[in-house]
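Only one structure is covered here, and it is reproduced in the block below.
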Amino acid sequence: MPAALQYIFAFNEHSPLLFTQFYFWAFFGIVFSVLALIIGRGRGGNKRMHLRNIFLLFVSWFFYYKTSGLFLLILAFVTLSDFFIAKAIHRCQNLSTNQLDGNSKLYTFNSKLLLCLSIVIDLGLLAYFKYAYFFTDMFNNLFGLDFQVFDIFAYIGNGFEADGRFSVDRIILPVGISFYIFQVISYTADVYHKRIEPVRNILDFGFYVSFFPQLVAGPIVRASEFIPQLYKPWHLTHRSFGMAVFWILNGLAKKVILSDYLAVNFIDRVFQSPTLFSGFENLMALFTYSMQVYADFSGYTDIAIGVAMLMGFYLPKNFDSPYKATNPQEFWRRWHMSLSRWLKTYLYIPLGGNRNATFGTYFWIALIAFVALVLTGSWVATIVIVALAAIVTVVAIVRKEHRKLLYTNLNSFITMLLGGLWHGASWNFMIWGGLNGIGMIINKFWRVMTWHVRMGVMTAITVCLVIGHRYYPAPLMNLAYVWFLILWTGTAIRYIYYLLTQLSTNKLDGFSKLYTLNSKLGHAWAIAQTFAFISFTRLFFRSSSNLDPALENEQSWATAKQMVGQIGGAWNSSIIPDFLWEYRYVMILFVVGMIIHWLPERWKRWYRLNFAMLPIWVILIAVVVAVVVIYQFMTAEQQPFIYFQF
């Protein structure tokens with residue numbers, strides 16, 4: 001095959017098809033042109049829509065092949081598997097409803113069995129590719145053996161290759177497998193629960209599963225949201241076109257100007273060698289990483305939404321200015337919203353939600369405790385997890401009035417832990433998920449406390465940390481000590497204001513301006529401390545990212561400890577001015593990015609709509625200018641999207 005054709009059509013693992021490549025936009029330009037020819041002027045009705053869906057199905061498969069090679073076969077397999085299993089579930093349910101010979105229970109049981117089969121197949125594939133190293137290490141640690149991972153799919157592939165070119169000694173994670181596996185699980189579960197009818201045409205179902213803009217990094221689209229769009233005529237208005245172009249440019253700017261520039265010029269350097277940088281530099285790396293991961297992931301989503309919109313399809317919103325959140329619970333309503341909805345619908349509610357604890361609750365507690373034992377090699381983490389669950393259960397039994405709140409917190413904590421494990425079988429991912437879960441639980445209890453109790457609790461914790469800092473000045477203790485001193489100060493100020501308003505006959509008499517100021521400052525304070533908390537948890541998230549699975553646990557834990565040691569150690573404040581000057585462009589971009597992020601939503605809506613309604617020729621000029629500016633920030637080496645690895 002000629003080199004040019006090989007570059008266009010052959011898979012190259014070192015050059016996946018990315019939204020930031022010129023090749024992708026050439027590819028999309030051809031796709032969009034052919035799509036316009038197929039749609040024509042709307043004549044042909046259903047036949048044209050069916051042809052459009054088939055065309056985009058094969059385009060999506062080609063896109064995934066260019067991104068992941070022969071892993072396309074895994075995508076095709078789960079598509080076939082869930083399509084036919086969902087149809088069989090629907091058939092059993094119909095037979096159960098219409099059955100008059102007493103076999104309805106048998107058909108109901110069969111439908112449950114088929115749902116379990118689908119989940120076992122889907123999660124089995126996900127577990128094999130994502131957790132094979134973890135399971136192998138666990139087995140070796142338990143039985144003192146030395147088994148190595150074995151890629152069965154590479155072995156099968158070598159049976160069709162004369163040179164046996166696939167390595168069987170290393171398992172490679174297929175790009176986007178977590179996203180499309182969750183998508184097909186939601187489809188089969190929705191068919192089982194009769195939320196949707198099964199898709200009749202396997203080509204339409206394949207298109208739903210593999211639609212290329214959101215295939216490899218989300219958003220996770222539910223069938224009830226997407227399938228009806230397959231049968232609607234394509235209609236692209238001036239406003240829709242302008243809005244689609246805006247989202248694409250917005251996503252590219254986030255990815256290239258913010259995410260890639262911050263990563264290459266600062267963040268990656270610190271995380272690669274934390275001990276070579278000061279505590280302040282490590283802390284700023286955490287804060288800027290929060291901006292990087294947001295700009296990277298939401299940038300991908302923005303581009304996906306814009307590309308899909310040009311083709312007449314609408315994807316759900318996946319981010320809602322998450323760093324405007326005033327508490328961890330609100331943050332997770334704004335961050336990766338499609339995953340949060342998935343976890344709530346298919347994990348949190350089946351666990352019992354805010355109603356009660358189920359068998360699944362205790363099963364996952366036991367499993368998580370076992371995972372903690374294997375990952376840490378220590379019984380302490382296991383005992384702590386089991387003890388906390390036992391305490392919550394006992395209190396729920398004894399204090400019935402608190403039962404609902406306790407069960408809610410227990411189930412939400414399990415959901416967050418499993419959300420962490422979804423990202424990878426690493427102790428750091430478990431810590432990251434667990435910290436977010438703890439943050440949500442603390443916030444729920446904090447909101448029901450009186451101001452007197454809040455001040456008392458905060459004072460007691462701060463006093464303990466002051467004593468601990470005095471006699472045990474370890475880095476983690478120092479971090480907690482400084483953080484809670486800041487939190488105590490903010491709480492004390494708001495508590496004093498609360499007392500002043502209570503002493504006034506009319507709570508607003510003479511305090512109206514102060515009340516307004518306090519409300520605004522309290523809101524800003526809550527946003528700041530939530531951002532700081534989320535950024536700190538990201539230390540464990542980033543430490544476990546971009547690593548070889550075989551080395552992930554050991555290396556990620558070492559990186560996290562080194563960064564905690566640097567941030568919680570002694571600071572040399574004299575180097576801060578030098579740092580701010582040396583990394584002035586990084587800091588300017590970070591500050592500008594945060595300011596834009598914190599703009600009121602009505603302002604953002606205003607400039608989006610006004611851009612969308614510009615004349616076409618003005619939009620095209622804006623595209624040229626934006627591309628030239630974005631190109632100035634391009635790095636020499638293409639930076640893959642962070643969530644491709646999940």
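Of the accessible area of the range 246-303, with the probe set at 1.4 angstrom, what percent is carbon plus sulfur? Please list the in-between numbers first.
Values: 790 of 1350 Å².
Carbon with sulfur: 59 percent of the solvent-accessible area.
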Requested in this report: Could you pull the accessible area for F83 with a 1.4 Å probe, rounded to 10 Å²?
Outcome: 10 Å²
Report summary line: Residues other than G312 with Cβ under 10 Å of its Cβ, Lys/Arg counted +1 and Asp/Glu -1, net out at +2
**Report entry** Summed side-chain charge close to I267 - residues other than I267 whose Cβ falls under 12 Å, Lys, Arg +1, Asp, Glu -1
**Finding:** -1
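At 1.4 Å probe size, put W603, W342 in order of accessible surface, largest to smallest.
On the way: W603 130, W342 25 Å².
Result of the area sort, largest leading: W603, W342.
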Report task. For K66, go through the lysines and keep the ones whose alpha-carbon is under 23 Å away, minus same-chain ones fewer than eight residues off. Result -> K130, K255
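Any idea what the relative contact order of the range 305-356 is, in percent, if you count C-alpha pairs under 8 Å spaced at least 6 apart?
Value for the range 305-356: 25 percent.
For the ranges 215-222, 286-293, what's the packing order if you count other beta-carbon atoms within 10 Å of each residue, average per peptide, and put the highest first? Present the calculation step by step, with values, prior to reporting the outcome.
Details: 215-222: 25.2, 286-293: 22.9.
Peptide ranking by packing, descending: 215-222, 286-293.
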Query - Which of H523, H90 is most accessible, then next, and so on - probe 1.4 Å - result: H523, H90
Query raised in the report: What ranking, highest mean first, results for peptides 347-360, 433-446 when packing means the other Cβ atoms within 10 Å averaged over each residue?
Result: 433-446, 347-360
Query raised in the report: Excluding M613 itself, what net charge comes from residues whose Cβ is under 14 Å from its Cβ, given Lys and Arg +1 and Asp and Glu -1?
Result: +3
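Could you order peptides 615-622, 53-60 by the average number of other Cβ atoms within 10 Å of their residues, highest first? It would help to have the intermediate numbers written out before the result.
On the way: 615-622: 12.4, 53-60: 19.0.
Packing proxy ranking, top to bottom: 53-60, 615-622.
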Query raised in the report: Straight-line reach from K112: which lysines have a Cα under 25 Å away, not including same-chain ones fewer than 8 places off?
Result: K87, K194, K344
Query raised in the report: Counting other Cβ atoms within 10 Å, which trypsin sites (Lys or Arg not before Pro) in the range 299-354 have at most 13 and lie in a DSSP loop?
Result: K317
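The values are calculated or read from the model by the stated rules, or taken from the named source; none is laboratory data. These numbers come from a predicted model, not from an experiment. Every residue, glycine as well, gets a Cβ built from its backbone with ideal geometry; the counts of neighbours run over all protein chains shown. Just so you know, the surface numbers come from the protein's heavy atoms only, side chains and all, with ligands and any DNA or RNA stripped out. Shrake-Rupley method; radii C 1.70, N 1.55, O 1.52, S 1.80 Å.
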